[in-house]
Amino acid sequence: MVLTREFTKPFAALLFFWILLNGTLAPDTLLIGVVASFAIVWFLRESMSFLNEFRATPQAFIAAFKYTGYFLKELVKSNIALARVVLSPDLPINPGIVKVRTRLKSKMGRLLLANSITLTPGTLTVEIEGEYLYIHWVNIESDDIDAATESIVAGFEKYLEVIYG
Amino acid sequence: MGPLFDILGGLVLVAGTAFLLLGGLGLNRMPDVFNRIQAGTKATTLGTILTLTGIAMMHPDWALKLLLIGMFLLFSNPLSSQVLARAAERTHVHKTSRTRIDRFEQDHDQGEEA
């Protein structure tokens, strides 16, 4: 196999993760890490391409930083909202599955968007079909595709667009 | 670290377990599989992250590993929930009668008729 960037970047990322988890550079530990990282990238070489889609520009790093902050804020809000629902005697829910649209093109961007939606207040990604996402919403605010996109997707999309496109 | 960090860490840890408890309560109270997944995913993610943060404050030398575990959770937790939700939707698992709308079913039933 040719040692292309598509191969070496995920390999290096996995090996780095392994070294951090073990906290040692002992030869035997390192050897296991090299073999395991190589095997994983080899077996998944068709589907690892998304790791290369990060745009290493200063704007992307700033956006990644802001995205993390926004995400953590939403995660806390989502837990407080959930606590309120769960602790209410009458369980105030109004659930349904709505459809939203994303402008993101890259696989990694869409994956992160879907994950972020799942961890934010009352929404859960059920299915992705091309540019459309089906979202389970505990309290439906709007069934209109544009309004739902605005309130579910837009907040994350503006950062992810800069990072992954 | 000093006793101050032990106390702070303990408080954060307790907050984490409180969210985990709420998540468990949500699993019990929610009426159908989708709403249960919603309750489960959010509470376990924040609850576990807070628990890990609390431990990191008590044992700063473990912080890096705990951070890595937290990042792994942030990826794997929502992913597994989405796969469960997708499987449930595709196999037409029963939804609560309080469900207002199901765009997925509408779109895909139309496809079968055409």
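Observations, loosely collected:
- Helices (runs of 4 or more DSSP H) wholly inside region B:1-104 that include at least 3 residues being modelled with pLDDT of 90 or more and hydroxyl-bearing (S, T, Y): B:33-58
- Of all residues making up region A:22-40, the number that are surrounded by 14 or more Cβ atoms within 10 Å (Cβ to Cβ) and at pLDDT below 85: 1
- Complete set of residues in region A:122-158 that are over 12 Å from the mean Cα position of the chain (by Cα), surrounded by fewer than 21 Cβ atoms within 10 Å (Cβ to Cβ), more than 8 Å from chain B (Cβ to nearest Cβ) and farther than 15 Å from B:D107 by Cα: A:N139, A:E141, A:S142, A:D146, A:A147, A:E150, A:S151, A:A154, A:G155, A:K158
- Against the test of being surrounded by fewer than 22 Cβ atoms within 10 Å (Cβ to Cβ), away from chain B (no Cβ under 12 Å) and of a type outside the set (A, V, I, L, M, F, W, C), the options A:K105, A:K73, A:K77 yield a single qualifying residue, A:K105.
- Pick from region B:30-77, criterion among the hydroxyl-bearing types (S, T, Y) and more than 8 Å from every other protein chain (Cβ to nearest Cβ), ranking: farthest from the chain's Cα centre (by Cα): B:T53
- In this structure, A:V76 does satisfy being free of Cβ contacts under 8 Å to residues at least 12 places away in the same chain and either under 21 Å from A:I145 (Cα atoms) or assigned by TED's automatic domain parsing to the domain that holds A:A63 (or both).
- Looking only at region A:88-102, residues that are more than 8 Å from chain B (Cβ to nearest Cβ) and open to solvent by 10 Å² or more (accessible area, probe 1.4 Å) come to 5 in all.
- Condition check for B:R100: open to solvent by 80 Å² or more (accessible area, probe 1.4 Å) and touching a strand residue (DSSP E or B) at 6+ places or on another chain (Cβ under 7 Å): yes
- Check on B:Q110, part of a helix (DSSP H, G or I), more than 10 Å from chain A (Cβ to nearest Cβ) and at pLDDT below 85: yes
- Among the residues of region B:46-71, those identified as open to solvent by 50 Å² or more (accessible area, probe 1.4 Å) and in contact with a Phe, Trp or Tyr (Cβ under 9 Å, 6 or more places away or on another chain) are B:M58, B:P60.
- Only one entry of B:S81, B:S76 meets the criterion of being in contact with a Leu (Cβ under 8 Å, 6 or more places away or on another chain), under 28 Å from A:L72 (Cα atoms) and not hydrophobic (A, V, I, L, M, F, W, C), and that entry is B:S81.
The values are calculated or read from the model by the stated rules, or taken from the named source; none is laboratory data. Since this is a predicted model, take the numbers as computed values, not measurements. Counting neighbours? That spans all protein chains shown, and the Cβs are built from the backbone with ideal geometry, glycine included. Surface areas here come from the heavy atoms of the whole protein model, side chains and all, with no ligands, DNA or RNA. Shrake-Rupley method; radii C 1.70, N 1.55, O 1.52, S 1.80 Å.
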